[in-house]
1. Considering each residue of region 45-90, count those that are of a type in the set (Lys, Arg), over 21 Å from GLN23 (Cβ atoms) and either in contact with a Ser or Thr (Cβ under 6 Å, 6 or more places away or on another chain) or touching a residue at least 12 places away in the same chain (Cβ under 8 Å) (or both), and give that number.
2. May I ask you to list the residues in region 13-32 that are of a type in the set (S, T, N, Q) and surrounded by 16 or more Cβ atoms within 10 Å (Cβ to Cβ)?
3. Among the residues of region 43-54, is there at least one that is in a loop (DSSP other than H, G, I, E, B), among the hydrophobic types (A, V, I, L, M, F, W, C) and surrounded by fewer than 13 Cβ atoms within 10 Å (Cβ to Cβ)?
4. Checking the conditions here, which among GLY69, GLY32 is part of a loop (DSSP other than H, G, I, E, B) and closer than 15 Å to ALA5 by Cα?
5. What are the residues in region 55-90 that are surrounded by 13 or more Cβ atoms within 10 Å (Cβ to Cβ) and closer than 21 Å to PHE12 by Cβ, if any?
6. Residue check: is SER4 within 19 Å of GLY87 (Cα to Cα), of a type outside the set (Asp, Glu) and touching a strand residue (DSSP E or B) at 6+ places or on another chain (Cβ under 9 Å)?
7. Please work out which one of (1) at negative phi; (2) buried (at least 21 other Cβ atoms within 10 Å of the Cβ) is the condition LEU39 fails and give its number.
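Derivation of every value follows stated rules applied to the coordinates shown; laboratory data play no part. Just so we're clear, the structure is a prediction, and the values are computed from it rather than from any experiment. Positions of Cβ are backbone-derived with ideal geometry, glycine not excepted, and every protein chain shown enters the neighbour counts.
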Amino acid sequence: MTGSADKSVKIFDMGMQKEVAAQKSTGAVFCGSIVRDSLLITGCDDGNILAFDLRNLECLWGYGADEAGAVHCIKIAPDHRSLVTAGDAG
């Protein structure tokens with residue numbers, strides 16, 4: 001998975017060494033984490049976290065996580081039931 005300042009999220013198949021899916025985000029993508037091989041969570045410069053289905057990179061939902069600015073990092077809990085974000089709000 002890669003994220004970019006051009007608001008794109010891309011998934012690459014490392015075995016085939018090629019891009020297999022791409023989607024636009026709501027803002028520049030600063031971080032991401034894969035959950036259970038089927039869900040990608042990203043943090044964006046507009047304060048949103050977005051969840052993508054990894055099979056087709058369809059955006060499933062978004063949530064305004066940081067009112068002051070960007071989400072810079074994400075950590076998924078070991079039980080996959082919660083996540084922690086850190087961003088411009090401190």
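1. Counting residues in region 45-90 that are of a type in the set (Lys, Arg), over 21 Å from GLN23 (Cβ atoms) and either in contact with a Ser or Thr (Cβ under 6 Å, 6 or more places away or on another chain) or touching a residue at least 12 places away in the same chain (Cβ under 8 Å) (or both) gives 1.
2. Correct list: GLN23, SER25, THR26.
3. no
4. GLY69
5. Correct list: LEU57, CYS59, ILE74, ILE76.
6. Judged against the criteria, SER4 is a match.
7. Of (1) at negative phi; (2) buried (at least 21 other Cβ atoms within 10 Å of the Cβ), only one is false for LEU39: (2).
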